Amino acid sequence: MADNDKKPIAHLLPAILTGTAALIASLTAVYVNLRGDKATDKPVVAAEQKEQTAVATKALPPLPSDKVELQLDRIAVEHDGSIGTTDWRFAVEADGQPLFVFQQDGLDDTGGRNIVNPKDVQAVLRLPAGQRGKITVKGWRGSRLRLIEGEADVTGEGAVGDGALAPIPVKAMKDSAGAFVFYFSANRQNAE
């Protein structure tokens, strides 16, 4: 008999335990894969749902805001209200609420000098989508003799809503006392 046949079985024990551990690990992996409710899948599914929600949100167009930026682009002077140039102060209201007041000096109805481009005359107003608002323009002629402010010398009304804004005539009872045409632009701000 050879020496190998007489050795106790204890020297094979580490190999048997290693093989058993490997068998248990592989059976556990098969069981986890087959049962279908792996704990590792839940965070991946949640991440995929967040990604799909983000993609769906980006695909939707932004909702229209109720904020509309109203800007005065130019004033056409038909009659400045006096001989030579005239200083005017104008107030613009939306649905009876003041938007802005500005001074425009040296208005002239002489051809070639009768268009004025005011700088930085704008305001933001709240107007729900699909609704219209009433724009009122009032003007007072500058005068050194005027001690008390009274009724406006010129007035005009128009409407603002979705789309283009029509020019607003702003006149006195007699055109020679002052007549202007106000050109506004309105841009709806998108919701962020």
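A simple rule links phi to the HN-Hα coupling: the Karplus curve 6.51 cos²θ - 1.76 cosθ + 1.60 with θ = phi - 60°, which for the stretch 72-86 gives 7, 7, 7, 10, 9, 8, 8, 9, 7, x, 7, 7, x, 8, 9 Hz, with x for Gly and Pro. Electrostatic bookkeeping for residue 100 treats Lys and Arg as +1 and Asp and Glu as -1; over the other residues with beta carbon under 11 Å from its beta carbon, the sum is -2.
What FRET efficiency do you get for residue 123 and residue 188 if R0 is 22 Å and r is their Cβ-Cβ distance, rounded to the nearest 0.05? Write out the running numbers ahead of the final one.
Details: r = 14 Å, r/R0 = 0.64.
Efficiency, from the Cβ-Cβ distance: 0.95.
Taking max minus min of the alpha-carbon positions on each principal axis, the stretch 81-143 gives extents of 43, 24, 17 Å, largest first. Distances between placed amide hydrogens fall under 5 Å for residue 109 paired with 80, all partners being 5 or more residues away or on another chain. Take the Cα of residue 66, step 7 Å toward its Cβ, do the same at residue 173, and the gap between the two points is 4.0 nm.
Read-outs: derived from the displayed coordinates by stated rules, not from any lab. These figures come from a predicted structure and were not determined experimentally. Here Cβ is always computed from backbone atoms with ideal geometry, including for glycine, and neighbour counts include all displayed protein chains.
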